[in-house]
Amino acid sequence: MTSGKRRIRLMGTVIDLFLYHETAEELLDEVERLLFLYERRFSANREDSELMQINQKAGLEAVLVHPDLYELIRLGKQHSCSPNSSLNISIGPLVQLWRIGFSDAQLPSESAIASKLSLIDPSQIVLKDEQCSVFLKKKGMMLDLGALAKGYIADKVMAFLKKQGVTSALINLGGNVLTMGPALHQEDHLWRIGIQNPNLERGQNSLVLPVKDCSVVTSGTYERQLRLAGKTYHHIFSSETGYPIETEVVSLTILSEKSVDGEIWTSRLFGQPVQTIRAELAKKKGLSGILILENGQIYQFEC
């Protein structure tokens, strides 16, 4: 069986693809086309994306969208409106105000931050299932699916590969990893997924996990940062304060069957106390978690 691999720079990150199949290169071409399609559909950083059409019509009118985009927004609203959730798909105005991770990142004024808080209310997202329409009630509202889209896309890509008869593959969307089937290049047929050490350079791992048919998703305060006047600001924001979440957790990894589930729960639980995260994961069948604290302490919670 032939192996194939490809690296693509897209969605503001590096995407690595690896699979085994007789027509590996042709399938990688198809996956690359899919990834560009999804980027045009879900991106909050492209003026011509389908998602941005919704944002541009905020406070004006509803927008009919592709079923995939509608499904992800519906899922995102559900979890954004759940009690004590740190996930908020209406966080766009804050993301664009701070711009952390972009060359024009800034520390906004208190008044500028305060002016955005009323716009990041997911309950103001109006959905109509029969039409696949989305309406943002207030002008200035902006959806940002960055906390969910990579996992959703990974699941879609893997579903496509399965339909094509692929039984062994890995996709890594900037640290969001999904594996399918055996790693045929390993003696034990398990994929090795590294968990970044937040205090060391990229590629230096705190743990290496042997997995199969599993998603590994990590959210961390170290991923994108703004350093000003001796203070560091990360890119995971509190919907209550408008500032980066204050937490002792610097890295939260979720292992799950579906990648979008890992995205949901790393986002929902980030910023919660360690014991709260432990208790919530204990309720969720099929989810495991790994936490790394500022002091380097590591917690592993098995499902």
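Residue selection: Ser43 fails the criterion of being of a type in the set (Ser, Thr, Tyr) and open to solvent by 30 Å² or more (accessible area, probe 1.4 Å).
Residues in the range 265-293 that are more than 30 Å from Gly181 (Cα to Cα) and either crowded, with 19+ Cβ neighbours inside 10 Å or aromatic (Phe, Trp, Tyr) (or both): Gly271, Gln272. Quick check on Lys212: is it touching an Asp or Glu at 6+ places or on another chain (Cβ under 6 Å), closer than 22 Å to Ala159 by Cα and open to solvent by 20 Å² or more (accessible area, probe 1.4 Å)? So Lys212 does not fit the description; no. Restricting attention to the range 1-10, the residues that are closer than 13 Å to Gly174 by Cα and touching a strand residue (DSSP E or B) at 6+ places or on another chain (Cβ under 7 Å) total 2. Screening the range 190-236 for strands (runs of 3 or more DSSP E) wholly inside it with 3 or more residues that are among the polar types (S, T, N, Q) and under 19 Å from the mean Cα position of the chain (by Cα) returns the ranges 215-220. Looking only at the range 144-156, filter to residues that are open to solvent by less than 40 Å² (accessible area, probe 1.4 Å) and part of a helix (DSSP H, G or I); which one of those is nearest to Ile91 (Cα to Cα)? The residue in question is Ala149.
Looking only at the range 109-125, residues that are over 20 Å from Glu61 (Cα atoms) and either of a type in the set (A, V, I, L, M, F, W, C) or in a helix (DSSP H, G or I) (or both) come to 8 in all. For the range 180-187, does any single residue satisfy the condition of being assigned to a loop (DSSP other than H, G, I, E, B), of a type in the set (Asp, Glu) and touching a residue at least 12 places away in the same chain (Cβ under 8 Å)? Looking for residues that are assigned to a loop (DSSP other than H, G, I, E, B), of a type in the set (Asp, Glu) and touching a residue at least 12 places away in the same chain (Cβ under 8 Å), one finds none in the range 180-187, hence no. With assigned to a loop (DSSP other than H, G, I, E, B) and either open to solvent by 10 Å² or more (accessible area, probe 1.4 Å) or touching a Gly at 6+ places or on another chain (Cβ under 8 Å) (or both) as the only criterion, which of Gly262, Gly296 stands out? Matching residue, one of Gly262, Gly296: Gly296.
With respect to (1) modelled with pLDDT of 95 or more; (2) open to solvent by 20 Å² or more (accessible area, probe 1.4 Å), the lone exception for Tyr38 is condition (2).
For Leu136, the criteria (1) closer than 24 Å to Leu119 by Cβ; (2) under 21 Å from the mean Cα position of the chain (by Cα); (3) open to solvent by less than 40 Å² (accessible area, probe 1.4 Å) hold in every case but one, which is (2). Within the range 229-248, can one find any residue that is loosely packed, with under 13 Cβ neighbours inside 10 Å, in contact (Cβ under 8 Å) with a residue 24 or more places away in the chain and within 19 Å of Asp155 (Cα to Cα)? For the range 229-248, residues loosely packed, with under 13 Cβ neighbours inside 10 Å, in contact (Cβ under 8 Å) with a residue 24 or more places away in the chain and within 19 Å of Asp155 (Cα to Cα): absent.
Residues in the range 157-179 that are open to solvent by 30 Å² or more (accessible area, probe 1.4 Å), farther than 21 Å from Glu263 by Cα and part of a loop (DSSP other than H, G, I, E, B): Gln164, Gly165, Thr167.
Taken together, the residues in the range 83-120 that are at pLDDT 95 or above, more than 16 Å from Thr241 (Cβ to Cβ), surrounded by fewer than 22 Cβ atoms within 10 Å (Cβ to Cβ) and in contact with a Lys or Arg (Cβ under 7 Å, 6 or more places away or on another chain) amount to 2. Only a single criterion out of (1) of a type in the set (A, V, I, L, M); (2) without any contact (Cβ under 8 Å) to a residue 40 or more places away in the chain; (3) not in a helix (DSSP H, G or I) is not satisfied by Ala58, namely (2).
The values are calculated or read from the model by the stated rules, or taken from the named source; none is laboratory data. Worth saying up front: this structure is predicted, and the values here are computed from it rather than measured. All Cβ positions, glycine included, derive from the backbone under ideal geometry; neighbour counts span all protein chains shown. All accessible areas refer to the heavy atoms of the entire protein, side chains included, with ligands and DNA or RNA removed. Shrake-Rupley method; radii C 1.70, N 1.55, O 1.52, S 1.80 Å.
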